[in-house]
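The structure under discussion appears below in the form of structure tokens.
The values are calculated or read from the model by the stated rules, or taken from the named source; none is laboratory data. Quantities reported herein were computed from a predicted structural model and do not represent experimental measurements. Virtual Cβ from ideal backbone geometry, glycine too; neighbours counted across all protein chains shown.
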């Protein structure tokens with residue numbers, strides 16, 4: 001079963017981003033993405049959403065770490 005490895009918020013002066021990593025490309029199979037062995041997604045976060053993005057990434061990371069099956073995001 002495909003699993004997430006982590007979610008990270010990278011703060012930069014001009015273009016902050018959320019980085020989601022997985023162990024295989026199959027993790028992202030439901031998303032309409034280009035073909036290939038994609039195991040990392042990067043999304044740019046605008047200045048208006050930086051505070052929320054950091055909290056969201058931290059929460060997602062905690063859910064991944066605390067899930068019964070490693071790498072799966074559990075319900076709170």
**Message:** Given (1) surrounded by 11 or more Cβ atoms within 10 Å (Cβ to Cβ); (2) modelled with pLDDT of 85 or more, identify the lone condition not met by residue 70.
**Reply:** (2)
**Request:** Only residues that are within 11 Å of the chain's Cα centre (by Cα), buried (at least 16 other Cβ atoms within 10 Å of the Cβ) and not in a helix (DSSP H, G or I): list them for the stretch 18-63, please.
**Result:** 18, 20, 22, 39, 41
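I'm trying to understand the selection: among the residues of the stretch 1-17, which are in a strand (DSSP E or B) and without any contact (Cβ under 8 Å) to a residue 60 or more places away in the chain?
Pass one, the stretch 1-17, residues in a strand (DSSP E or B): 4-10, 16-17.
6, 7, 8, 9, 10, 16, 17 - these are the residues of the stretch 1-17 that are in a strand (DSSP E or B) and without any contact (Cβ under 8 Å) to a residue 60 or more places away in the chain.
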